[in-house]
Amino acid sequence: MPSEPAPPIPSFHVNAIPDPSRTTADDPMAALVGILDLQAALPGIRRMRAWGHEVLAVQPGERTLDIGAGTGTEVLELADRVGPDGDAVGVDPNPAMLAIARGRAETADSRARFVEGTAYHLPFPDDYFHAVRCERVYQHLDDPAAATAEITRVLRPGGRVLLIDSDWHTVIAHPGDPEVVARLSKAMLTTTPNPASGRRLRGLLTAAGFAIDDMGSEAVIWNPETARPLFMQMIASAATGGAITEQEGRALLATMEAGIAKGDYHLSVTMFAVLGHRTS
């Protein structure tokens, strides 16, 4: 499973289609961190995260968990909110990403801490946390109900959970041949374990015994720096799987680059968020 907040940026080997996300050192982890940082700066992501912290309403002294912590930005925010008497923990399955998060916490002189784990296996006792957040993890899960049960286990009775995830059926890409773009989008749905995760969050929490307190959504619009690697990921996957041809992929990429050059482009996906609390 990749570092949970976002899928990894692959090395594109589809007949040498260029990959602008690769660093000069050709370091996949550095490329991934760079993409995550660019995504974190997107206005839509910032608005969704700010709203999420507002409704999760973490208080001083509480114990909080961020599942799929990635570079650790949201754990640092939680650490500021819980203060010296609380506990803010981030979980991620990627040891290299954990090292980066720990380094950033040290630089910020933050009390945030990070441990290795997955959404299926959280290394904490039952009924431990007051609040849990989980952003863009469920789209990678083939058994989201099991992850929800694990969140239930580590939450105290009355504890709050905030799930945030994308719904990849809502992707809008422009410019490009509509028929090719449709095949591209359809192909991506088959390569994402849980592409409709955003719309299913409420049902998963309800089935696990949570009461729903609030919901939100944000159509995240990707700027050129973030759109290029995501679009290329989609093209490479579709071309490898035969959904589009190499020629169609190159033409689509060229059309997008031309659109970016003149300011006529769009790439977006809708993210949904659900806040609930454990009722028993």
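Quick look at the numbers
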quantity: Peptides ranked, highest mean first, by Cβ atoms within 10 Å: ranges 253-264, 237-248; calculated: 237-248, 253-264
quantity: Percent of beta bridges antiparallel (DSSP, the stretch 91-231, rounded to nearest 5); calculated: 10 percent
quantity: Within the chain, helix-based [θ] at 222 nm, where runs of 4 or more DSSP H residues each add -39,500 (n - 2.57), nearest 500; calculated: -14000 deg cm²/dmol
quantity: The chain: equivalent-ellipsoid semi-axes (sqrt of 5 x gyration tensor eigenvalues, Cα, Å); calculated: 34, 20, 16
quantity: R153-D177 FRET efficiency (beta carbon distance; Förster radius 41 Å; 0.05 resolution); calculated: 0.30
quantity: Label point distance in nm, R113-T245, each placed 7 Å from Cα along Cα→Cβ; calculated: 5.8 nm
quantity: Rounded FRET efficiency, nearest 0.05, which uses the C-beta distance separating D127 from N223 and R0 of 25 Å; calculated: 0.05
quantity: Cβ-based charge dipole, the chain, positive-most Cα from G158, P28, I244; calculated: G158
quantity: Nearest-10 value in Å² for the accessible area of S280, using the 1.4 Å probe; calculated: 90 Å²
quantity: In Å², nearest 10: area of H169 left accessible to a 1.4 Å probe; calculated: 100 Å²
quantity: Accessible surface of L204 - all protein chains present, 1.4 Å probe, nearest 10 Å²; calculated: 40 Å²
quantity: Accessible-area ranking of E218, E225, largest first, probe 1.4 Å; calculated: E225, E218
quantity: Under 10 Å, Cβ to Cβ, from S197 - net charge with Lys/Arg +1 and Asp/Glu -1; calculated: +1
quantity: Percent breakdown of C-alpha pair distances by 10 Å bin, ordered from the shortest bin, for the stretch 184-280; calculated: 14, 34, 27, 16, 8, 1
quantity: About the Cα centre, charge dipole magnitude for the chain (Lys/Arg +1, Asp/Glu -1 at Cβ), debye; calculated: 360 debye
quantity: Carbon/sulfur fraction of accessible area - the stretch 75-145, other protein chains in place, 1.4 Å, %; calculated: 48 percent
quantity: Dipole magnitude of the stretch 130-213 about its Cα centre (Cβ charges: Lys, Arg +1; Asp, Glu -1), debye to nearest 20; calculated: 280 debye
quantity: The chain - accessible surface per residue (Å², probe 1.4 Å); calculated: 43 Å²
quantity: Where Rh is the Kirkwood radius over Cα pairs, Rg/Rh for the stretch 79-223; calculated: 1.02
quantity: By accessible area with a 1.4 Å probe, ligands and nucleic acids excluded, highest first: order of M48, M215; calculated: M215, M48
quantity: Antiparallel bridge percentage (DSSP; both residues within the chain; nearest 5); calculated: 55 percent
quantity: Square roots of five times the Cα gyration tensor eigenvalues for the stretch 153-215, Å; calculated: 34, 11, 8
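The values are calculated or read from the model by the stated rules, or taken from the named source; none is laboratory data. Quick caveat: nothing in here was measured; it's all calculated off a predicted structure. We place every Cβ from the backbone using ideal geometry, glycine too, and count neighbours over all the protein chains shown. Note: accessible area is taken over every heavy atom of the protein model, side chains too, but ligands, DNA and RNA are not part of it. Shrake-Rupley method; radii C 1.70, N 1.55, O 1.52, S 1.80 Å.
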